[in-house]
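S.K.: Sharing a structure with you now.
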Amino acid sequence: MKNYWFLFVSVMASVVLVITGCSSNDRNSHESTNHEERTVSDSHQHGEGGDIFETTKDIVMLPSFLSNQPEQIQNIYQIAGQNHELLSWIPCYCGCGESAGHTSNKNCFIREVKPNGEVVWDSHAITCTACLEIALQSAVMKEKGASALEIRQYIDEQYKEGYAKPTPTPMPSL
């Protein structure tokens, strides 16, 4: 299995330089400057706040809206896909519970995994440092052997102050 620790350190350094936050004002200005890069095809839909939804045939195939994004963001989307079940137990603290109706950090990356295996990806995390950090921290902790409950408790403690209200994510069982 991949060693997420090295990836975590290098990605976080890059993410700080690339992304400034999740506010809708930041997202709108980002979208307006990258409008030409984000052309919408028949497989794309838009959600509230301008997030793009794209369906792929499975969890391995990443959405095309990532093609113009830095490799670090593409890598975190891949990690989020590999860990989507874990992320369904982990809240996000960027405010997306209220602004986008998300119920967990998983929704920042993946709107839905359909019964036939198709995945509806969400572009929300592209512009959100908190979303990216939470997913990557969760994957690193899982790689080191932490349980979903331990990861959840750690994330809740780390993000309880200075961040938005968490998504309404159920607590994992023991």
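Derivation of every value follows stated rules applied to the coordinates shown; laboratory data play no part. Being a predicted model, the structure only gives us computed values, none of them experimental. A quick note on method: Cβ atoms are made from the backbone with ideal geometry, for glycine too, and the neighbour counts reach across all protein chains shown.
S.K.: Whole-Hz Karplus ³J(HN,Hα) for region 163-168, in order, using 6.51 cos²θ - 1.76 cosθ + 1.60 and θ = phi - 60°, x for Gly and Pro?
M.R.: Rounded to whole hertz, the list is 10, 6, 4, x, 5, x.
S.K.: What percentages make up the Cα-Cα pair-distance distribution of region 55-174 when the bins are 10 Å wide from 0?
M.R.: Bins of 10 Å from zero give 15, 49, 32, 4, 0 percent of pairs.
S.K.: Taking the Cβ-Cβ separation of Asp58 and Ser173 as r and a Förster radius of 30 Å, what is the calculated FRET efficiency to the nearest 0.05? Provide the component values of the computation, followed by the final result.
M.R.: Values: r = 28 Å, r/R0 = 0.93.
Efficiency computed from Cβ-Cβ geometry: 0.60.
S.K.: So what are the ³J(HN,Hα) numbers for region 73-86, from phi and the Karplus equation (6.51, -1.76, 1.60; θ = phi - 60°), rounded to whole Hz, Gly and Pro as x?
M.R.: Ordered by residue, 3J(HN,Hα) equals 5, 4, 5, 5, 4, 4, 5, 4, x, 5, 10, 4, 5, 4 Hz.
S.K.: Could you tell me whether region 104-174 comes out rounded, prolate or oblate from its Cα gyration tensor? Rule is a ≥ b ≥ c as square roots of the eigenvalues, rounded for a/c under 1.5, then prolate if a/b exceeds b/c, otherwise oblate. It would help to have the intermediate numbers written out before the result.
M.R.: Details: a/c = 1.73, a/b = 1.26, b/c = 1.37.
Here region 104-174 falls in the oblate category.
S.K.: Can you list residues whose amide H is under 5 Å from Thr55's amide H, if they're 5+ apart or on another chain and H is modeled 1.01 Å from N?
M.R.: Trp121
S.K.: May I ask you to evaluate 6.51 cos²θ - 1.76 cosθ + 1.60, the Karplus curve with θ = phi - 60°, for each residue of region 112-124 and list the ³J(HN,Hα) values in order in whole Hz, giving x for glycine and proline?
M.R.: Working through the residues one at a time gives 7, 10, 7, x, 7, x, 5, 10, 9, 7, 10, 7, 3 Hz.
S.K.: To the nearest 0.05, how large is the calculated FRET efficiency for Asp156 and Asn68 if R₀ is 22 Å and r is the Cβ-Cβ distance? Kindly include the intermediate steps, with their values, before the conclusion.
M.R.: Details: r = 34 Å, r/R0 = 1.53.
It comes out at approximately 0.05.
S.K.: Straight-line reach from Lys160: which lysines have a Cα under 25 Å away, not including same-chain ones fewer than 8 places off?
M.R.: Lys106, Lys142, Lys144
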